[in-house]
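Peer 1: Structure incoming, see below.
The values are calculated or read from the model by the stated rules, or taken from the named source; none is laboratory data. Remember, it's a predicted structure, so these values are computed and weren't measured experimentally. FYI the Cβ positions are ideal-geometry reconstructions off the backbone, even for glycines, and counts take in every protein chain you see.
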Amino acid sequence: MQATALIAEDEPLLAQALKAELAAAWPELQVVATAGDGRSAVREALRLLPQVLFFDIRMPGLDGLGAAAELADCWPADEAPMPQLVFVTAYDEYAARAFEAQAIDYVLKPVQPERLRKTVGRLQQALAAHASSPSPSSPVPDEALERTLAQWRQVLGAAGGGAAASAPAVAPLRIIAASDAGGSTVRMVPIDEVLYFEAADKYLRVLTATHEYLIRTPLKQLLPQLDADTFWQVHRAVVVRSAAIESVHRDEAGKMHLTLRGRAEKIPVSRLYAHLFRAM
């Protein structure tokens, strides 16, 4: 079966080793590019639209999990199906079970030929199933896209949940010590006043109905300290207060945005989280 793939791996020797093993296990596969970091992987994937992605979990700048989430936001599904995703990881077997349980596959470092052949078999079956699906004009491809995104959500959540499960329980935040816009004053902001958080460069914006504050805590570190029923992640860079959501809109391009009570701006909703806003 003819197919295309992209390899994202920050260690050149390991990237070459994976490419060589793939050539042996799947001679028809064409590796169209290799990338050494997550940002480059996203850029090349959007340029080349490969059918398979091999993403190293740990890469500089943007890791494999973050790159996968970013691609889910901006993948042009009207031009090409969402690619099959395989994570390449040095995690031990126990940690990798989060991936084993999902349709998304994983490959442990160093690559074992027998395990890679199993992965190749799964990929070939998935691509063959997609090739036999109806034409893009039917509604079925949308269902296939949602299934793919659901798998990505599960594996990204499982990977994050595995790390959180091993850490001590954290009491939900009640007060946030945040800087004002000028950075000269630290304010004690009650969590009940926060409408949403947004990652921006090296800071995390903390937005209330009337003010904006900044903190240096990364979003992924803040999330375990927030009540999951109160704050929903709707984008890789945005978490909103669920009770403050006023409406959700889909534009002509199919992208979703929401508005919050007390805020005028539109907030993007990632494809990964669009399922939260299906009509009941």
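Peer 1: Testing residue 221 on (1) within 21 Å of the chain's Cα centre (by Cα); (2) surrounded by 12 or more Cβ atoms within 10 Å (Cβ to Cβ), one condition comes back false. Which one is that?
Peer 2: Of (1) within 21 Å of the chain's Cα centre (by Cα); (2) surrounded by 12 or more Cβ atoms within 10 Å (Cβ to Cβ), only one is false for residue 221: (2).
Peer 1: Further question on the same structure: Return yes or no: is residue 174 closer than 23 Å to residue 74 by Cα and charged (D, E, K, R)?
Peer 2: Here the answer is no, as residue 174 does not meet what is asked.
Peer 1: Quick check on the range 3-22. Is at least one of its residues assigned by TED's automatic domain parsing to the domain that holds residue 122, on the phi > 0 side of the Ramachandran plot and modelled with pLDDT of 95 or more?
Peer 2: no
Peer 1: Which of the following residues is aliphatic (A, V, I, L, M), assigned to a helix (DSSP H, G or I) and either under 22 Å from the mean Cα position of the chain (by Cα) or over 26 Å from residue 125 (Cβ atoms) (or both): 13, 18, 22?
Peer 2: 13
A quick yes/no check of all residues on (1) touching a helix residue (DSSP H, G or I) at 6+ places or on another chain (Cβ under 8 Å); (2) at pLDDT 90 or above:
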| residue | (1), (2) |
| --- | --- |
| 27 | no, yes |
| 35 | yes, yes |
| 81 | yes, no |
| 97 | no, no |
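Peer 1: Next up: Got at least one residue in the range 69-89 being among the charged types (D, E, K, R) and within 17 Å of residue 236 (Cβ to Cβ)?
Peer 2: yes
Peer 1: Next up: Of the conditions (1) surrounded by 15 or more Cβ atoms within 10 Å (Cβ to Cβ); (2) closer than 20 Å to residue 69 by Cα; (3) among the basic types (Lys, Arg), residue 202 clears all except one; give me its number.
Peer 2: It is condition (1) that residue 202 fails.
Peer 1: Right, something else. Anything in the range 1-52 that is touching a residue at least 60 places away in the same chain (Cβ under 8 Å) and exposed (fewer than 14 other Cβ atoms within 10 Å of the Cβ)? List them, or say none.
Peer 2: If the condition is that a residue be touching a residue at least 60 places away in the same chain (Cβ under 8 Å) and exposed (fewer than 14 other Cβ atoms within 10 Å of the Cβ), then 1, 24 are the ones that fit.
Peer 1: Return the residues of the range 213-260 that are at pLDDT below 95 and of a type in the set (D, E, K, R); say none if nothing qualifies.
Peer 2: If the condition is that a residue be at pLDDT below 95 and of a type in the set (D, E, K, R), then 216, 220, 227, 229, 236, 250, 251, 252, 255 are the ones that fit.
Peer 1: Residue by residue through the range 199-217, note down the ones that are assigned to a loop (DSSP other than H, G, I, E, B) and either among the aliphatic types (A, V, I, L, M) or under 23 Å from residue 246 (Cβ atoms) (or both).
Peer 2: 208, 209, 210, 211 - these are the residues of the range 199-217 that are assigned to a loop (DSSP other than H, G, I, E, B) and either among the aliphatic types (A, V, I, L, M) or under 23 Å from residue 246 (Cβ atoms) (or both).
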